[in-house]
Each structure stands twice: as structure tokens, then as C-alpha cells.
1. Return the residues of region 195-245 that are part of a loop (DSSP other than H, G, I, E, B), of a type in the set (D, E, K, R) and crowded, with 23+ Cβ neighbours inside 10 Å; say none if nothing qualifies.
2. Given the conditions (1) surrounded by 22 or more Cβ atoms within 10 Å (Cβ to Cβ); (2) under 24 Å from His154 (Cα atoms), which single one is not true for Ala60?
3. Restricting the search to region 117-155, which residues are out of contact with any Asp or Glu (no Cβ under 6 Å at 6 or more places or on another chain), more than 30 Å from Asp299 (Cα to Cα) and of a type outside the set (Lys, Arg)?
4. Take Ile248 and tell me if it is free of Cβ contacts under 8 Å to residues at least 12 places away in the same chain and open to solvent by 10 Å² or more (accessible area, probe 1.4 Å).
5. Could you list, ordered by first residue, the pairs with Cβ atoms under 8 Å in which the first is in region 8-23 and closer than 17 Å to Arg49 by Cβ and the second is in a helix (DSSP H, G or I) and open to solvent by less than 20 Å² (accessible area, probe 1.4 Å), at least 6 apart or interchain?
6. Is it true that Tyr353 is at pLDDT 95 or above and not in a helix (DSSP H, G or I)?
7. Taking the conditions exactly as written (in contact (Cβ under 8 Å) with a residue 60 or more places away in the chain, more than 14 Å from the chain's Cα centre (by Cα) and open to solvent by 10 Å² or more (accessible area, probe 1.4 Å)), does Leu324 satisfy them or not?
8. Exactly one condition in (1) modelled with pLDDT under 95; (2) surrounded by fewer than 19 Cβ atoms within 10 Å (Cβ to Cβ) is not met by Ala119; state its number.
Amino acid sequence: MFTAPGGDTVQLVKTAEYLRRLGVEVDIGTTDEPSLKGYDLVHLFNLMRPDDVFTQAENARRQGVPVALSTIYGLYTEFERKARGGLAGVASRHLSAWNIERLKVVAKGVKNRSMSKGAWQIALYGYHHQCARLVDLVDVFLPNSGSEMERVHHDFPVARARPFEIVPNAVDIEVFDPSKVRPRPEIERLRGCIVSAARIEGRKCQLELIRAARDLPVDLVLIGKPAMNNIGYYEAVQREAGPRVHFIGQVDHNQLAEYYAVAKVHALISWMETPGLSSLEAGVMGCNLVITDKGDTRDYFEADAYYADPESVPSIRTALTQALAATAPTALQQRIRREFTWEKAAAATLRGYEAALAHAKSSRVAN
């Protein structure tokens, strides 16, 4: 969570910060099966990581503590079958979506020599089985959109019997405020560039982005660390990069605002986004957005972004060209500031907690 942070890390940390402002006492825990004495509720993140999350949910149930789950749910099956290279790609084209995920968990555990209790359970019983067991332990679901919750309901019908509260992904408008950000000189020299802030890995499509931007008269700035198990992909991205491609690495979340302030366009052309935290942050800073058409992006950005197909370099180039020529997205900026703030996310989360506590109480009475 903290050594290779992604959008789910930011979501977790910011949720905790803004819940505290509402008077909720919050601790962030990273141990496998902590004592929950004195806690009213456990909030877990990412249904797609049942190898880690199921153990926590089972621990909470064993100690009689209700569970809220931020689902962050969207499989990358299309990427695995169409764009994954090597033996994993070959295998994915012959496996079900659930067995692809099972293989990924086991392969990662073996490669990193870290087969956890949850990873062994997935190896033995299957990925879908473990996700379904996790879903059955949840008292309230906290998806980022209605379309995300529809996927959960479709794949795990037992979830239909539980309450859910849509919690918008959000931006910190105290940090991402274009009227207050003053970029340093070394960042100011990149003004007018294309920025892409994301972990560098195959499913985020930085390679296709480089190819699409190659003939455009602007700099391309890639912000983020390579994913632990995607070093080969990162090296391929570096080989394709020309002199106008800049690798910034991981930067402090608050410093991202300086890069968004000088960028004309932010590009996040993934195989799935729910919806992409960096797109929201860049949008409120005044960047035109080039984003994937896969996942839940239209729930957030509607007609105020330029959509691209991640497997089509010409599609990405067309969207980049249009976004570079467009004026600043003032309507989108205003809508993000109005609808997608951490204050609103925290308030919705707290409503979800109340629903979880009520569901747990009614379940105890019924039993």
C-alpha cells in the first residue's frame, strides 16, 4: 500500500483524514489479524485483493465487528487477454476471468516468495470463491459509482442483500487549487506539456501513450513508479521514450499540483478505471483530460473529456490532438469542485458506516 502507492492508497489515506474532521476516530492498520477491541467498525479497501482483504474481514467477523468495503472493483480481463505479453498472456487467452486472477495471485506469491494465507486459499479454492466469501462477510459496500456496484451485483449476487452507499472518488481542493499553486522553475519549463500520473505498468498503457505522442510538438511527463512485477514493461517504456519524454518517478501527492498546473493535458488511458483519481485532480487544476473509455469514467466526466481506446494508438493520438487544441475545461472544474470533494466522500462514507452498524445489529437480532 505504501511502498508502491496507487489511487487506492490515496483513497484510504484521504478518507481517514476527512473522517477525522467529522469527529470519527480512525486508525490505519497494516497487520494481518489485529485485535479490534474498542473499535466499532472495520473499513477495508479493494475487493480485487481477496488474498489480503478476506483475512481482515474474517478477523473482524470473528471478533464481532461490522465490515465496510470500498470495492474499487473492475477486472482487467480484457487487458490480460489482448495486451499481456509472454506466457501469462498466452495462458490468459485460454482461461476464464476467474482463473486468470487466480493465476496472477499465485504467480505473484511465488515470484516474490510471499505466499500469504490468503494467497494459499485462492490457490486451493479459486479467486471467485474467495471474493464471494469476502462479499458474504461485508455489512455495507462503498463503491465509487453506480456502474461499479452493478458489476459487484452481477458477479456476486449475494451482495444484493446488503446495503451500499455510493462514495465519490474525490480531490482535495485545498491542495489542488490553481489559484494557489506556484510551480517551481524546473517544473515551469514544462508548461504546455502532457502529463500522465499513474503507476507504470501494462494496464496503464504508457507505452501506447508514448507512441501516440511521439510526433506531437509537446513534452510528455510520466509521473509514477514502475509496478513491482512490471519492471520489464518499464524498461520497454524507457526504450521507446524519446528526448521529450520525462520520467519523474514517484512524487509526494501534494507536489502533483505543480505538474498539473503547467500541463495542458492529463492522459490516463488504462484498460479500466473507476474512474482514475489523477484525472479528477488534473481536471480541477484546469487540464483537458484524455481518458479511457473503459470502466466508470463516463459516470464522472460525461462529455467533458476526450475518450480514447487503449489498444488503438491512432485513437489516443486523435484524443491528444483534440485536447491540446481545446480551451480549459471550466465547466468540468466547477463540477469537480461541487460534486467530487473529500468532504462529500467522507460524509457519504459516514452514512455507509451507519448503514453497516444497522445491518450488523439487525443480523444479530435475526440470528
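1. Of the residues in region 195-245, the ones part of a loop (DSSP other than H, G, I, E, B) are 198-199, 201, 205, 214-219, 224-225, 227-230, 241-244.
Next, only the ones that are of a type in the set (D, E, K, R) stay: 199, 201, 214-215, 219, 225, 244.
Glu201 - this is the single residue of region 195-245 that is part of a loop (DSSP other than H, G, I, E, B), of a type in the set (D, E, K, R) and crowded, with 23+ Cβ neighbours inside 10 Å.
2. All conditions are met except number (2).
3. Those that are out of contact with any Asp or Glu (no Cβ under 6 Å at 6 or more places or on another chain), more than 30 Å from Asp299 (Cα to Cα) and of a type outside the set (Lys, Arg): Trp120, Gln121, Ala123, Leu124, Tyr125, Gly126.
4. Numbers: free of Cβ contacts under 8 Å to residues at least 12 places away in the same chain: no; open to solvent by 10 Å² or more (accessible area, probe 1.4 Å): yes.
When the stated conditions are applied, Ile248 does not pass them.
5. Val10/Leu277; Gln11/Leu277; Thr15/Trp342; Thr15/Ala345; Thr15/Ala346; Thr15/Thr349
6. Details: at pLDDT 95 or above: yes; not in a helix (DSSP H, G or I): no.
Here the answer is no, as Tyr353 does not meet what is asked.
7. Values: in contact (Cβ under 8 Å) with a residue 60 or more places away in the chain: yes; more than 14 Å from the chain's Cα centre (by Cα): yes; open to solvent by 10 Å² or more (accessible area, probe 1.4 Å): yes.
Here the answer is yes, as Leu324 does meet what is asked.
8. Here Ala119 meets the rest and fails (2).
The values are calculated or read from the model by the stated rules, or taken from the named source; none is laboratory data. Since the model is a prediction, treat every value here as computed from it, not as a measurement. Note that we place each Cβ from the backbone using ideal geometry, even for glycine, and neighbour counts take in every protein chain shown. Accessible surface areas use protein heavy atoms only, side chains included; no ligands, DNA or RNA. Shrake-Rupley method; radii C 1.70, N 1.55, O 1.52, S 1.80 Å.
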